[in-house]
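I have placed the structure first, in the form of structure tokens, so that the comments after it can refer back to it.
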Amino acid sequence: MTCLRRPDPPFWDSPIVFFAFFATNQNDEGVATEEQLPPISYRTFIAADPTVVYEAISTGDGWNGWFTTEADVDARIDGSYRFHWENFGGDRETVTLSGPVVEAEPGLVFAFRWETGGDGMTTVRFELEPRGEGT
């Protein structure tokens, strides 16, 4: 299995790292709703083939290589994911998130629902497109 590796700090300078940005907005009950959030789009070039990038976003080993401490992913529609972090963030918390996979087309698209807090959910969608020597 070929995976992208977790780059050494500062990882944001690495050509193989990509970020998904999340925004939250809350209704009157304090619940984030996807309808209230404008779409957030971020594009970057990754110096790797789309099949390698897809593996990095659709497998537990892939996520562990660049983002999570421990992850499990069932990369099929109606599958699920579980992301786990130890010593996460400034407060050094232990965090576990899980949710459904809603799109999975190897080498092209991977999408899942992400808990935004409370009862809110948003969709994180990665679209992959070959670009020269990478994605």
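The values are calculated or read from the model by the stated rules, or taken from the named source; none is laboratory data. Owing to the predicted nature of the structure, the values given are computational and were not obtained by experimental measurement. Note that we place each Cβ from the backbone using ideal geometry, even for glycine, and neighbour counts take in every protein chain shown.
General remarks:
- With respect to the conditions (1) crowded, with 18+ Cβ neighbours inside 10 Å; (2) modelled with pLDDT of 95 or more, Arg76 lacks only one, and its number is (1).
- Filter pass, Thr135 being over 13 Å from the mean Cα position of the chain (by Cα), touching a residue at least 24 places away in the same chain (Cβ under 8 Å) and surrounded by 15 or more Cβ atoms within 10 Å (Cβ to Cβ): yes
- When restricted to residues that are hydroxyl-bearing (Ser, Thr, Tyr) and surrounded by fewer than 18 Cβ atoms within 10 Å (Cβ to Cβ), the range 60-73 contains 1.
- Criterion: small (Gly, Ala, Ser) and at positive phi - qualifying residue of Gly120, Gly79, Gly107, Gly90: Gly107
- Checked against the criteria, Thr59 counts as closer than 23 Å to Thr135 by Cα, modelled with pLDDT of 85 or more and not aliphatic (A, V, I, L, M).
- Evaluation of Phe45 against the conditions (1) closer than 20 Å to Gly134 by Cα; (2) at pLDDT below 85; (3) surrounded by fewer than 16 Cβ atoms within 10 Å (Cβ to Cβ) shows that the sole unmet condition is (2).
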